[in-house]
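I have placed the structure first, in the form of structure tokens, so that the comments after it can refer back to it.
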Amino acid sequence: MFSTTRHDGVSKGEYASFNINEYCGDTVENIAANRKALCDELGITTDRLVMPHQTHGVEVRQIAKDFIALPDNIRRMILEGVDAVMTDESGICIGVSTADCIPIIIYDEPHHAICTVHAGWRGTVAGIVEKAVKAMAISYKSEPRDLTCVIGPGISLDAFEVGVEVYEQFRQAGFGMSSRFVRGKWHIDLKECNRLQLVNLGVRQEAITVSPICTYNENADFFSARRQGINSGRIFTGAILS
């Protein structure tokens, strides 16, 4: 399990320097070079790197053994509009892209399965992490008590200011304890909202690790769309089963 930083790549400007996401405006050549470098580090070929085109929805996609052999255009269709990917196949790196949103890795050791989740504020309110856990239960017979989860680098409570309309959606969804009113602005704790969802599903609290990294405050090392705008690089949080 890992999250990339901004360092040791070839991309320029707001994509500097390690960006592998093709949906944020970076050049094809730089993306390809960075992907190759990541795959070399992981010991896999680039066709075994699986990245969905996220749309802040709640679609969860299973990556089966035959996925790797599919033509590129079919792979793209399968991964279009997907915000969580899961697999029980060894040697396939699945992951999600973020730049302030919350990446979550869910690991089921007994059933040799893993899922990576992109939880922005819309996905968090809509319960994407809950949908991911339930999808793993259907596909792999995963039990919440057996899961180990990592909530990765993302924007912090202090940095994530929202308008009252967004706050109302969180309040109505039952996340009132994960918010704070500071100097005329509501702040939402996206990491805590997702942690609470996992706990409510039956995941053991001691099996959930929450990264202290705030991408907004640590923009020198991690991409932040709030600081840099949407035309900037993305962190890739991935996992690969041995």
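The values are calculated or read from the model by the stated rules, or taken from the named source; none is laboratory data. Worth saying up front: this structure is predicted, and the values here are computed from it rather than measured. As a convention, Cβ positions derive from the backbone with ideal geometry for all residues, glycine included, and neighbour counts pool all protein chains shown. All accessible areas refer to the heavy atoms of the entire protein, side chains included, with ligands and DNA or RNA removed. Shrake-Rupley method; radii C 1.70, N 1.55, O 1.52, S 1.80 Å.
Structural remarks
- Residue count for the range 123-143, restricted to those that are of a type outside the set (S, T, N, Q) and either open to solvent by 30 Å² or more (accessible area, probe 1.4 Å) or free of Cβ contacts under 8 Å to residues at least 24 places away in the same chain (or both): 9
- Whichever residue in the range 20-38 is of a type in the set (A, V, I, L, M) and touching a helix residue (DSSP H, G or I) at 6+ places or on another chain (Cβ under 9 Å) and, among such residues, is nearest to residue 98 (Cα to Cα): 20
- Residue match in the range 153-163 (condition: of a type in the set (D, E, K, R), on the phi > 0 side of the Ramachandran plot and touching a residue at least 24 places away in the same chain (Cβ under 8 Å)): no
- Qualifying positions in the range 146-171 - part of a loop (DSSP other than H, G, I, E, B), hydrophobic (A, V, I, L, M, F, W, C) and in contact with a Phe, Trp or Tyr (Cβ under 8 Å, 6 or more places away or on another chain): 155, 159, 160
- Restricted to the range 172-242, the set of strands (runs of 3 or more DSSP E) holding at least 1 residues that are free of Cβ contacts under 8 Å to residues at least 40 places away in the same chain, in contact with a strand residue (DSSP E or B) (Cβ under 7 Å, 6 or more places away or on another chain) and closer than 17 Å to residue 157 by Cβ comprises 179-182, 185-188.
One line per residue, one yes/no per condition, for (1) open to solvent by 20 Å² or more (accessible area, probe 1.4 Å); (2) over 21 Å from the mean Cα position of the chain (by Cα); (3) over 23 Å from residue 224 (Cβ atoms):
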site	(1), (2), (3)
147	no, no, yes
152	no, no, no
161	yes, no, no
165	yes, yes, no
168	yes, yes, yes
176	yes, yes, yes
180	yes, yes, no
183	yes, yes, no
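- Residues (touching a Ser or Thr at 6+ places or on another chain (Cβ under 7 Å), assigned to a helix (DSSP H, G or I) and under 23 Å from residue 152 (Cα atoms)) located in the range 1-32: 14, 15
- Scanning the range 18-32 for residues that are without any contact (Cβ under 8 Å) to a residue 24 or more places away in the chain, of a type outside the set (Val, Ile, Thr) and either in contact with a Gly (Cβ under 7 Å, 6 or more places away or on another chain) or open to solvent by 70 Å² or more (accessible area, probe 1.4 Å) (or both) yields a count of 1.
- Residues considered: 232, 224, 211. Of these, the only one that is surrounded by 18 or more Cβ atoms within 10 Å (Cβ to Cβ), in contact with a helix residue (DSSP H, G or I) (Cβ under 8 Å, 6 or more places away or on another chain) and among the hydroxyl-bearing types (Ser, Thr, Tyr) is 232.
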